[in-house]
């Protein structure tokens, strides 16, 4: 069985746009890097750039978890003696807002000429408006929580009616909402059934009172008709 190997210029590149508002830097970068490398495609080839273009808007609204704005630092070196500089994350963000996300993505890419070529497909924009409307980019929603190894995915499609996925989704929705109502009705009806059982016990005492009234009746008849006396 032959393994597919993509060739340069064989695959058509797509454009995607992602809104980085209130997104954690590392988790967002972990979803963008596989798209630039082409790992979200089944035709991924390690030695060929099979990635797509990614436009990231509102890069000035990314966030860090914890206290990294103060604790995290970035180093740069000019190449001359004494040219090493260290800068806190919040200072670099004020000077170049897009540099924070760019460095996070760059450190996840291959450290080679191919990796630098892949980084050229990344377009970081400060603000909500970009200048690539002619490419008709597809909107991607960043995944919340721990990102998958495949990177960012398309928005989930609505399953067709009658399909297995649709039936499973409906069963899952019913299982979440129905048990609460069923348990509430079951708990409400169970005490009523238990209260009805003692109500039948006083009804059994009524015939006992009637027998007490009927018992003196024969005694009164015996006293009314005394036995005959012999003369």
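The values are calculated or read from the model by the stated rules, or taken from the named source; none is laboratory data. Remember, it's a predicted structure, so these values are computed and weren't measured experimentally. Glycine gets a Cβ as well: all are built from the backbone with ideal geometry, and neighbour counts include every protein chain shown.
Where strands (runs of 3 or more DSSP E) sit wholly within the stretch 13-132, those with at least 1 residues that are touching a residue at least 24 places away in the same chain (Cβ under 8 Å), within 30 Å of residue 3 (Cβ to Cβ) and in contact with a helix residue (DSSP H, G or I) (Cβ under 9 Å, 6 or more places away or on another chain) occupy 15-19, 53-57, 122-124.
Residue check: residue 9 meets all listed conditions (1) at pLDDT below 95; (2) assigned by TED's automatic domain parsing to the domain that holds residue 113; (3) in a loop (DSSP other than H, G, I, E, B) but one, namely (2). Let me spell it out: the conditions are (1) part of a loop (DSSP other than H, G, I, E, B); (2) modelled with pLDDT under 95; (3) surrounded by 11 or more Cβ atoms within 10 Å (Cβ to Cβ), and residue 158 meets all of them except one. Which number is the exception? If we test residue 158 against (1) part of a loop (DSSP other than H, G, I, E, B); (2) modelled with pLDDT under 95; (3) surrounded by 11 or more Cβ atoms within 10 Å (Cβ to Cβ), just (3) comes out false.
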